[in-house]
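The values are calculated or read from the model by the stated rules, or taken from the named source; none is laboratory data. None of these values were measured; they are calculated from a predicted model. Backbone-built Cβ (ideal geometry, glycine too); neighbour counts: all protein chains shown. Heads up: the accessible areas ignore ligands, DNA and RNA and are worked out on the full protein's heavy atoms, side chains in. Shrake-Rupley method; radii C 1.70, N 1.55, O 1.52, S 1.80 Å.
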Amino acid sequence: LIGLGALQAAWEEFHEMLGHVDVELKRSKGTMRKDLQDSMAGFNASVGSLRSEASRDLPYNGKETVDDALAVLSEWAEKVEAIRVREKALAPGLQVFEIPYSTPTELLEVEKDLENLSTLWQLFADWESAWEQWKSGQFTSLDPDELGNAAAKFKQRVGKLRALKEWGVWGVLDVKVRQFLSTMPLISDLGSPAMRPRHWAALKAEISKDFDETSASFTLERVFE
């Protein structure tokens, strides 16, 4: 126990200790704030790089296969999720130091592009899947009206994404659907009962190709070829 005579000295020592603690707390707080600022700078730099890489690497142009494009989009979804995890880890420090924060515009842009590209490429995948089913259909059993109606629905879905037409992939898909639709009247005419053997013979001579329009191997894909 401290004697009454030593109380004043102990009190002064206590106050001196508090002063040291206050200095250390301020120093630690300054260090933490500096570390947070450095982390924020690194985070913002990562987001800027992400935006640049996305502009270069995301499947905007439509030159990729559907499978490759969807794989790239899946990888990028993981990258963006990792960035969001980093952002979330910074939140407590920002709250402690009352630092205003909003998600960088570049990150929001990448997320929006990913969302739109995923929608567009999934539609492309649906089109490719439909074509896989249609192309093996034997010419003599084709229903041009049914095919045309199905393709028209795809055209409507593509049209709803017209805001993305500056991207090459939109144009590639739009052309595929439109070319298919423009061919349906020809398919209908070729399937008409009015087509006689002499007409088929004239057509074969015109295109310099021989084929058997009645065979099982004469499919929609063969007609397009």
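Worth a mention:
- Count - residues of the stretch 181-225 that are under 34 Å from the mean Cα position of the chain (by Cα) and without any contact (Cβ under 8 Å) to a residue 40 or more places away in the chain: 3
- Restricting 39, 74, 102 to residues that are surrounded by 13 or more Cβ atoms within 10 Å (Cβ to Cβ), farther than 30 Å from residue 184 by Cα and not charged (D, E, K, R) narrows the list to 39.
- Residues that are under 26 Å from residue 63 (Cβ atoms) and open to solvent by less than 30 Å² (accessible area, probe 1.4 Å), drawn from the stretch 108-145: 110, 113, 114, 117, 120, 121, 123, 124, 125, 127, 130
- The set of residues in the stretch 179-225 that are closer than 19 Å to residue 137 by Cβ, assigned to a loop (DSSP other than H, G, I, E, B) and charged (D, E, K, R) comprises 212, 213, 225.
- Residues that are without any contact (Cβ under 8 Å) to a residue 12 or more places away in the chain and part of a helix (DSSP H, G or I), drawn from the stretch 97-117: 105, 108, 112, 115
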